[in-house]
Amino acid sequence: MLEKEKIEYEKTILIGVITQDQNEEKSKEYLDELEFLAYTAGGEVKKRFTQKMASPNPKTFVGTGKMEEIQAYIEAHNIGTAIFDDELSPGQQRNIEKILECKIIDRTYLILDIFAQRAQTSYARTQVELAQYEYLLPRLTGLWTHLERQRGGIGMRGPGETEIETDRRIVRDRISLLKKKMLAIDKQMATQRGNRGSLIRVALVGYTNVGKSTLMNVISKSDVFAENKLFATLDTTVRKVVIGNLPFLLTDTVGFIRKLPTQLVESFKSTLDEVREADLLLHVVDISHESFEDHIDSVNVILNEIKSSDKPVLMVFNKIDAYEPETIDADDLVTEKTKAHYTIEDWKRTWMNTENETAIFISATEKENIVDFRKTVYDKVRALHSKRFPYNNYLYPDYYEEE
Ligand SMILES: Nc1nc2c(ncn2[C@@H]2O[C@H](COP(=O)(O)OP(=O)(O)OP(=O)(O)O)[C@@H](O)[C@H]2O)c(=O)[nH]1
Ligand SMILES: [Mg+2]
């Protein structure tokens, strides 16, 4: 915590468009998430600008009048960075740079920058660097990429840190080199996964910051880095876990987010293979987050993209300790009960009745319902195991755990 105060946060503003299919509340939630991303990257948000439009302006994202308003604010408050809540086309980026004369970052590049900042191993760094170059290639004529590289800060980590690489050819060469490097890594990772033998593989998946690593630490007694920032985990951790005499492999990996940049999905192939090759997914959800149902949808979209949507899933609703439903006054007859008023019991009834899904409600930090959780995971793994090895079930005696 102390360390946080020492960091000098960069002054930023957020810019978003409210489209017809979003209401103001949704748009606020999206910008809240963008602000959390900005904060994770080292930015302090001074102001948010939004505009209602059918779709973003193809030239400047928001309209001319709004642009002038933003420009005046940037000048008056000495803002260094403007962050847009969507991916900007190379053309938009150039036009906006000319008007705002500051560093322009879009949602995609912000996420890539956080990944670059967080990548620990050379393996993760290679994957992020490849994604960043793929993003930069069509955008090499941007102003700030030339002028401000040396200053560092948001959007400046990763490729180009050492030298100004404006030449597309250099970038293309770099991309093909990184791709070769990735191929070698993929091969190596595939071999490693192959060597893990016949154990059932279970993967933790879920939106970023829902508590996957915390849960991993609780059930595998490992020490994976967990933090209240986005994308605390980039590298994959695999642990052998034993529950009730039954060993299996548990994987903790990168979290997902709405509109996860496609470049990242592609270059994180090896990391995501852990999910693709898993026998069972534990889909962890932060039930205390107001948008948790949207988060579930976003995760399912990505699971579908990586062809992993047909796997057995255990829905794990985490952070029940922090869940607070809105209350309705006993004599309030006007307010209709909405999902915001659901109690944990209501949610349990909703989710435990859905077909083909098993759901469990826990708190990883408060260790609530962990015994049940372990038993549920045991049953699922055991069932998968008996299906795969029908003849050697005797190896695993019945569930037994010491409290
Ligand atoms: N209140 C509460 N907080 C929790 C619980 N589980 C995890 N957290 C907190 O949520 C934050 C994120 O936890 P992580 O385990 O890093 O989440 P993650 O899903 O691994 O996140 P990424 O690696 O960033 O995708 C941390 O501050 C945890 O302490 C819980 O059951 N209740
Ligand atoms: Mg994590």
Quiz item: Can you pull the semi-axes for segment 214-358, root of five times each eigenvalue of the Cα gyration tensor, sorted largest first, whole Å?
Solution: 31, 19, 16
Quiz item: Between segment 178-249 and segment 13-61, what's the alpha-carbon centroid distance in Å?
Solution: 33
Exercise. For ASN57, enumerate residues with amide H under 5 Å from its amide H, sequence gap 5+ or separate chain, H modeled in the peptide plane.
Key: VAL62
Exercise. Report the accessible area of SER176, computed with a 1.4 Å probe over the heavy atoms of all protein chains in place, in Å² rounded to the nearest 10.
Key: 60
Self-check item: Under-5 Å amide H pairs with GLU368, H placed in peptide plane, nonlocal only
Solution: SER363
Exercise. Tabulate in residue order the Karplus-calculated ³J(HN,Hα) for segment 211-217, using 6.51 cos²θ - 1.76 cosθ + 1.60 with θ = phi - 60°, rounded to whole Hz; enter x for Gly and Pro.
Key: x, 4, 5, 4, 5, 4, 5
Quiz prompt | Accessible area per residue in Å² at 1.4 Å probe, computed on segment 60-120 | solution = 36
Quiz item: Stokes-Einstein D for segment 181-237 at 4 °C, 1.567 mPa s, Kirkwood Rh over Cα pairs, in µm²/s?
Solution: 98
Quiz item: Could you give me the ³J(HN,Hα) list for segment 79-85, computed from phi with Karplus coefficients 6.51, -1.76, 1.60 and θ = phi - 60°, whole Hz, x at Gly and Pro?
Solution: 7, x, 9, 10, 10, 9, 7
Quiz prompt | Burial order of peptide ranges 69-79, 231-241, 313-323 (average beta-carbon count within 10 Å, highest first) | solution = 313-323, 231-241, 69-79
Self-check item: Helix-only [θ]222 nm of the chain, DSSP H runs n ≥ 4, -39500 (n - 2.57) each, per residue, nearest 500
Solution: -13500 deg cm²/dmol
Quiz prompt | Portion, in percent, of the accessible area of the chain that falls on carbon or sulfur, probe 1.4 Å | solution = 49
Quiz item: Where Rh is the Kirkwood radius over the Cα pairs of segment 316-373, the temperature 20 °C and the viscosity 1.002 mPa s, what D in µm²/s does Stokes-Einstein return?
Solution: 166
Quiz prompt | Distant-in-sequence amide H partners of ALA232 (H built 1.01 Å from N, under 5 Å) | solution = ASN209
Practice problem: Whole Å is fine, so just give me how far the alpha carbon centre of segment 288-363 lies from that of segment 83-104. | Solution: 37
Practice problem: Return the sequence-ordered ³J(HN,Hα) values of segment 327-333 in whole Hz as given by the Karplus equation 6.51 cos²θ - 1.76 cosθ + 1.60 applied to θ = phi - 60°, using x for Gly and Pro. | Solution: 9, 10, 4, 4, 9, 8, 9
Practice problem: Hey, can you find the accessible area per residue of segment 248-369 for me, probe 1.4 Å, expressed in square angstrom? | Solution: 49
Practice problem: Could you work out the mean projected area of the convex hull around the alpha carbons of the chain, in square nanometres to one decimal? | Solution: 23.5
Exercise. State the three equivalent ellipsoid semi-axes of segment 1-109, derived from the C-alpha gyration tensor as the square roots of 5 times its eigenvalues, in descending order and whole Å.
Key: 23, 17, 12
Quiz item: Principal axis lengths of segment 68-125 from Cα atoms, whole Å, largest first?
Solution: 43, 25, 16
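The values are calculated or read from the model by the stated rules, or taken from the named source; none is laboratory data. Since this is a predicted model, take the numbers as computed values, not measurements. Positions of Cβ are backbone-derived with ideal geometry, glycine not excepted, and every protein chain shown enters the neighbour counts. Accessible surface areas use protein heavy atoms only, side chains included; no ligands, DNA or RNA. Shrake-Rupley method; radii C 1.70, N 1.55, O 1.52, S 1.80 Å.
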